Structure formats: structure tokens, C-alpha cells
Amino acid sequence: MKRRVLLAVFGLCLVLGFSALGRWQWNRGLEKQAMLEAAVVARAEAPWPLSAAASGEGVNRAAGQGRFLDTPPLWLDNQRRGARVGVRLYCAFQPHSGPALLVDLGWLPLPGDRKLPREACPRGEAQLAGLLSPPPAVGLKLGEGLQSRDGGQRWLALHLEPANVARAWGLSALAPRVLRLDPSLPLGHERDLEVLANTLPPEKHRGYAIQWFGLAIATLVVILLLWFRKRP
């Protein structure tokens, strides 16, 4: 009897764990679906000032003038465009009003030796436009999130956290949202305004959620069958 109870408790723990994973995947899918819908609305709205980046949530079309700060290029690792793997360039920009923010200047391929590109950040005054959005999402945050290369002349990020970048660069602050630069502007590299680039779409999260819920149900059925099975 003691063994049956222990097995039942273990099985119920599995059911709870599978259910929790299913709920997380389902909620993540809802969050990403909301981001896609917000991006559709944002592209149709009048542009906000770049100072709106100080608000850390949502997606908004934005435009404004300012200047690029004299900071090193920041490359975000593990970025894909189709089947190609590369890095995405971020540079600091100070609008005429509001906090400085990171600007996504596009994607470049990464060679097999993983040497970072030599491209530098733009300098001077500029008129920018694009989509304000939260930094790219990541899964598990493994290892150091920010690494200095070549004595601080270039930086590599495994996951983008503007507050950490500001501390590393000695800036007073960086806005929590980044600017996805409009592809029509004549600066930067390969880019688009896809808000869920390099991450799973909502339907994938829903599919994984259904799998976890299915495992939870199957485990519960096995527990009940074993519990109520007649012993010889």
C-alpha cells in the first residue's frame, strides 16, 4: 500500500508539472498573439515621439530626431534570417527629448570562425523611424548576458537587457524598449519590422501547450488505472 501511495504522489507531481508547463506555453502564445495584433495597429497609427520608448510595454510606431552616441557596436548573438545564422547590430541613440535608446540597425551573417563584423555604429545627427518594441525575447538565460570584445571596442550580447548595457557603457539610462529601424531608411543592414523575429510564433506555443496538457491527462489516467486496479 505504501508503494502505491508513493507512486500516486509521484504521478500527481508529474501531472502538476506538465500542467504548469502547458499553462506557461499557452500564456506565452497569448502574449505573442497580442504583440502581433499590436504591431498591426501600430503600423496604421500616427508615429509617436521616440521618448515613448521610456514606457516598457507594447509596440508603437515612432519617429524623431536626435544623435547617435559615441558608443561601441553591440552585437546580439544567435539571430536567424531564414536558414542563415548571424548577429544583429544595436547602437545607442539620444533623441532630442526623452532617454537614450538602443536602435536595431539590422542583421549581418556570422562566419564559421565567429569573428564579429567590423562595422561601426553611425555617428552624428539623424532622423529615425520604426517600431518601438520590447527587446527580443529569449528562452533560458545561460551564461554572461554581455561580453566585452577587443578591449571594449565591440560588445556581444547573448540576451539584450538595456539596463545592463547602460551600466556597462557608463550611461545614465537606456529606455526599456528598442527601436526596430524602418527598412526604408538608408542606413544599417538587412532588417524588417517582424516583431517576433528569431522566436516561436503563437501557434507553436499553443501546439506545445496541447502536448503538455495531453501528457498531464495521460499521466492522470495511468495513475487512476493503477490505483483502482484490483490486486490479486
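The values are calculated or read from the model by the stated rules, or taken from the named source; none is laboratory data. Nothing here was measured: the structure is a model prediction, and the numbers come from that model. Cβ: placed from backbone, ideal geometry, glycine included. Neighbour counts: every protein chain shown. For accessibility, only protein heavy atoms count, side chains too; no ligands or nucleic acids. Shrake-Rupley method; radii C 1.70, N 1.55, O 1.52, S 1.80 Å.
Table for the structure above
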item: Test set (1) open to solvent by less than 50 Å² (accessible area, probe 1.4 Å); (2) modelled with pLDDT of 90 or more; (3) more than 12 Å from G106 (Cα to Cα) - L179 fails condition number; result: (3)
item: Qualifying residue in region 65-82 (condition: farther than 24 Å from L146 by Cβ and in contact (Cβ under 8 Å) with a residue 60 or more places away in the chain); result: yes
item: In region 199-232, the residues that are among the β-branched types (V, I, T) and free of Cβ contacts under 8 Å to residues at least 40 places away in the same chain; result: I217, V221
item: Filtered residue count, region 111-158, keeping only those that are basic (K, R) and at pLDDT 90 or above; result: 1
item: Condition met for R167 (part of a helix (DSSP H, G or I) and open to solvent by 50 Å² or more (accessible area, probe 1.4 Å)); result: yes
item: Counted residues, region 1-47 - those being closer than 25 Å to H205 by Cα and among the hydrophobic types (A, V, I, L, M, F, W, C); result: 19
item: In region 89-112, the residues that are open to solvent by 10 Å² or more (accessible area, probe 1.4 Å), under 23 Å from G151 (Cα atoms) and touching a strand residue (DSSP E or B) at 6+ places or on another chain (Cβ under 7 Å); result: L108, P109, L110
item: From A63, A38, residue being open to solvent by less than 50 Å² (accessible area, probe 1.4 Å), in a helix (DSSP H, G or I) and either among the aliphatic types (A, V, I, L, M) or within 17 Å of L102 (Cβ to Cβ) (or both); result: A38
item: Yes/no for L158 being open to solvent by less than 10 Å² (accessible area, probe 1.4 Å) and under 21 Å from P176 (Cβ atoms); result: no
item: When residues of region 66-104 are limited to those that are among the hydroxyl-bearing types (S, T, Y) and assigned to a loop (DSSP other than H, G, I, E, B), the one farthest from L132 (Cα to Cα); result: T71
item: Of all residues making up region 41-60, the number that are among the hydrophobic types (A, V, I, L, M, F, W, C), open to solvent by 50 Å² or more (accessible area, probe 1.4 Å) and modelled with pLDDT of 85 or more; result: 2
